[in-house]
Amino acid sequence: MIYPDNFEIKTGFDQIRMLIKSRCLFALGAQKVDKMAFSDDFDTIKLNIERAEEFREICVFENNFPADNYYDTTQALKKARVEGTHLETAEVVMLKKSLDTLTAILHFFKNTPENKYSYLKELIKEIKNFPFIEKRIDSIIDRNGKIKDNASKELKQIREDLFRKHTATGKVIQALLKKAIADGFIEKESSVSIRDGRQVLPVPVSNKNRISGIIHDESATGKTAYIEPAEVVELNNAIR
């Protein structure tokens, strides 16, 4: 029994608890800090002191303990429990990095002498890693967190089609830009712009009726209209 009830405040430990919570990376850590309680059991106190001392030693003397990529995957894992749902790419990347960190921690302790960090090793004894999940994610997501072209046959086909259409659109609009400059409808230093994901030509407002197409925007000064030429509308629609 801890006496008095406000022992934590009297000893100033409430301030230490707040400091520890401020260093937590996300809510799970803060929740664990909230649950920390004083104990009058000798064995429990000794165990926690030994664990703390071992981790202090790691922080001071070890250079290869994983220090990055600690994420709260709670919501993503809750979502994954529901049949028919899927994780967003960013959530899969976060899960993969978390699994990599977990694997690295297990490898760290596995590669230390048997009698070293024995209290922490006991703590992680029941933790498992999931290499098959990591391998599966690696087959779909690249190092930059993007879905690979060959993640599926359908995606590969879609991206190849997009590349061809972008290339075709680029060739057509560059030819139109060159002709418009030659005809004097567009200023010589002009270049193709992007508006709402579509390639457009910057046309002086005074010449906007000379270019057949859709006006998507105007410059802040109102002197330039950004026109999607009629010749590329269908291609841009297909890309969209």
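The values are calculated or read from the model by the stated rules, or taken from the named source; none is laboratory data. Predicted, not measured: the structure shown is a model, and the values here were computed from it. Counting neighbours? That spans all protein chains shown, and the Cβs are built from the backbone with ideal geometry, glycine included.
Summary table below
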item	result
First in segment 122-144 and acidic (Asp, Glu), second anywhere and at pLDDT 90 or above, Cβ under 6 Å, 6 or more apart	GLU134/LEU99; ASP142/LYS148
ASP183 farther than 26 Å from THR73 by Cα and surrounded by fewer than 14 Cβ atoms within 10 Å (Cβ to Cβ)	yes
Residues within segment 35-52 that are part of a helix (DSSP H, G or I) and either touching a strand residue (DSSP E or B) at 6+ places or on another chain (Cβ under 7 Å) or surrounded by 12 or more Cβ atoms within 10 Å (Cβ to Cβ) (or both), tallied	6
Any hit, segment 169-176, residues being under 30 Å from MET94 (Cβ atoms), surrounded by 15 or more Cβ atoms within 10 Å (Cβ to Cβ) and in contact (Cβ under 8 Å) with a residue 12 or more places away in the chain	no
Test: residue in segment 58-69 that is surrounded by 13 or more Cβ atoms within 10 Å (Cβ to Cβ), part of a helix (DSSP H, G or I) and at pLDDT 95 or above	yes
Answer from LYS146, LYS96 - the residue that is over 30 Å from GLU57 (Cα atoms), modelled with pLDDT under 95 and among the charged types (D, E, K, R)	LYS146
All positions within segment 189-215 that are surrounded by fewer than 15 Cβ atoms within 10 Å (Cβ to Cβ), over 31 Å from the mean Cα position of the chain (by Cα) and among the small types (Gly, Ala, Ser)	SER191, SER206, SER212
Candidate set from segment 102-137 (those that are surrounded by 14 or more Cβ atoms within 10 Å (Cβ to Cβ) and more than 20 Å from PHE61 (Cβ to Cβ)); member that is nearest to the chain's Cα centre (by Cα)	ILE137
Selected residue (only one of ILE173, ILE147, ILE186, ILE158 is assigned by TED's automatic domain parsing to the domain that holds GLU218 and more than 19 Å from GLU228 (Cα to Cα))	ILE158
Contacts under 7 angstrom Cβ, first residue in segment 86-110 being touching a residue at least 24 places away in the same chain (Cβ under 8 Å) and under 16 Å from ASP138 (Cα atoms), partner assigned to a helix (DSSP H, G or I) and of a type in the set (Gly, Ala, Ser), 6 or more apart	LEU95/ALA76
Scope segment 40-85; condition out of contact with any Leu (no Cβ under 9 Å at 6 or more places or on another chain) and polar (S, T, N, Q); matching residues	THR44, ASN48, ASN63, ASN64, ASN69, GLN75, THR85
Candidates ALA27, ALA80, ALA90, ALA37, filtered to the one that is within 19 Å of the chain's Cα centre (by Cα), at pLDDT below 95 and outside the structural domain of PHE130 (by TED's automatic domain parsing)	ALA27
Residue count, segment 7-43 (criterion: hydroxyl-bearing (Ser, Thr, Tyr) and more than 20 Å from ASP72 (Cα to Cα))	2
Strands (runs of 3 or more DSSP E) contained entirely in segment 155-230, each with at least 2 residues that are aliphatic (A, V, I, L, M)	198-204, 213-218, 224-229
